[in-house]
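Enquirer: Provided herewith is a single structure, encoded as structure tokens, for subsequent inquiry.
Each value in this text was obtained by applying a stated rule to the coordinates, not by laboratory testing. Remember, it's a predicted structure, so these values are computed and weren't measured experimentally. We place every Cβ from the backbone using ideal geometry, glycine too, and count neighbours over all the protein chains shown.
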Amino acid sequence: MKNFSFNAPTNLVFGKGSVSELPKLIEGKYKKILLHYGGGSIKKNGVYDDVINALDGLDIEVFELGGVKPNPKLSLVRKGVELVKKEGIDLILAVGGGSSIDSSKAIALGAMSDIDVWDYFMRKAEPEKALDVGVVLTIPATGSEASMGTVITNEKESLKLSVNHPMLRPQFAIMDPEYTLSLPKEQTFAGVMDILSHIFERYFTSVKNVELTDALAEATMRTVIDNAYRLLEDPNDYNARAEIMLSGTIAHNGLLGIGRVDDWASHGLGHQLSALYGTTHGVSLAIMFPAWMKYVYRNNLEIFNKFAINVFGVMDIGKSAEHIALEGIKEFEDFLRDIDLPTTFSAAEIPTNEIERMATAAVIHGSLGNLRKITKEDAINIYNLAE
């Protein structure tokens with residue numbers, strides 16, 4: 001186990017009607033708030049009204065900036081930065097899923113600096129300050145409600161890059177599983193893959209003697225998978241929604257990575273599909289992870305064996321370590337198909353004529369990953385495996 005320092009200060013307010021706690025989280029702390037959200041879904045399902053009603057009567061001024069798209073765009077971030085600076089806003093309240101939260105974090109970063117916010121994503125500058133961010137979560141997927149990261153797409157340059165810093169963790173996150181009951185099937189299960197991906201990026205490591213986080217990660221994976229099947233049977237199962245929502249936070253607040261070395265190669269590869277083709281993040285990960293697993297599993301057969309046996313119940317009697325690892329990967333692919341997620345470029349109807357361009361963009365800051373260092377050539381090979 002590696003040495004570590006772990007601090008996850010986000011205040012999680014979880015359960016039915018938890019938006020009623022919003023005034024306590026804001027009153028006396030903030031005077032000007034920016035509500036940042038996506039399209040019209042939060043106005044159709046009542047979440048917007050719940051938030052506005054909760055804020056009503058407080059001694060605050062509320063501004064709004066909607067229009068966040070999946071794979072949130074740099075152009076809107078820059079617009080938000082300008083608005084926050086002009087109005088002297090002191091809290092950004094993200095209402096929605098990971099896209100709204102990531103966009104809010106990027107605005108919070110850019111609003112406290114005189115340089116262009118994209119410089120942080122290009123690693124031309126290091127974050128020094130960020131405005132406070134709060135969250136009303138409606139889509140369990142990215143875990144951004146308690147994470148230290150933000151991912152933004154520069155649509156003009158077709159680049160999707162991230163910034164990670166502890167100051168980007170939200171101050172609070174209101175998490176009501178009832179808000180997820182209206183999610184369409186596609187969004188629900190793309191979110192499931194996103195949650196699993198954040199566990200994978202920490203679980204598949206070469207670090208030894210991490211039994212506790214191995215077990216925590218495996219339990220979280222089983223919880224997500226079991227409850228995904230429950231939602232296939234009954235999309236209105238509140239308890240299944242609650243389990244998945246909490247799992248999404250635990251998957252990405254850093255707890256499952258303590259003492260380990262994270263990987264993140266598959267995210268770097270998947271981001272290029274989103275940047276070029278607008279592919280939903282969870283879908284891009286459903287395509288990239290099986291291919292990455294097949295490419296790297298020999299680098300640590302032991303952890304892939306544990307994955308197969310402890311997560312998917314693969315029987316190990318009379319089988320080689322390689323057979324067990326490959327059977328576990330197949331079980332994972334079968335699960336993805338069960339929840340109607342594509343596992344290849346062709347199944348997602350994504351062209352394959354830009355593989356070299358994607359590989360070049362994926363390693364723009366150097367090789368990816370840790371279980372195996374992924375070079376441009378490796379990236380091309382993995383993309384080819386995913387065709």
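Enquirer: Over 25 Å, how big is the tail of the calculated P(r) for the range 11-179, in percent of all Cα pairs? Please list the in-between numbers first.
Expert: Numbers: 3363 of 14196 pairs.
Value for the range 11-179: 24 percent of Cα pairs lie more than 25 Å apart.
Enquirer: In addition: Past the 20 Å Cα-Cα mark, which pairs from K208/K373; K85/K105; K160/K330; K86/K124; K32/K105?
Expert: The answer is K160/K330; K86/K124.
Enquirer: Here's another thing I want to ask about it. Hey, how much of the P(r) for the range 184-385 falls beyond 30 Å, as a percent of Cα pairs?
Expert: Counting every Cα pair in the range 184-385, those more than 30 Å apart make up 17 percent.
Enquirer: Using unit Cβ charges (K, R positive; D, E negative) and no other charged atoms, how large, in debye to the nearest 20, is the dipole of the chain about its Cα centre? Spell out each step's value before the answer.
Expert: On the way: 38 positive and 51 negative charges, 162 e Å.
Once rounded to the nearest 20, the dipole reads 780 debye.
Enquirer: Please list, ordered by chain and number, the residues whose modelled amide H lies under 5 Å from the amide H of V136; skip anything fewer than 5 residues away on the same chain.
Expert: A94, V95, G96, I174
Enquirer: Measure off 7 Å from each Cα along the Cα-to-Cβ vector at L232 and S206, then give the distance between these two points in nanometres to one decimal.
Expert: It works out to 3.6 nm between the two label points.
Enquirer: Gaussian network model of the chain, Cα springs within a sub-10 Å range: biggest mean-square fluctuation belongs to which of V283, V95, V51?
Expert: Comparing V283, V95, V51 in the GNM, the peak value goes to V51.
Enquirer: Can you give the relative contact order of the chain as a percent, counting alpha carbon pairs under 8 Å and 6+ residues apart?
Expert: Relative contact order comes out at 16 percent.
Enquirer: Which whole-number percent gives the relative contact order of the range 11-179, counting Cα pairs below 8 Å spaced six or more residues apart?
Expert: Once normalised by length, the contact order is 28 percent.
Enquirer: Let me ask you something else. Viscosity 0.692 mPa s, temperature 37 °C: what is the translational diffusion coefficient of the chain from Stokes-Einstein with a Kirkwood Rh over Cα pairs, rounded to a whole number of µm²/s?
Expert: In µm²/s, the coefficient is 155.
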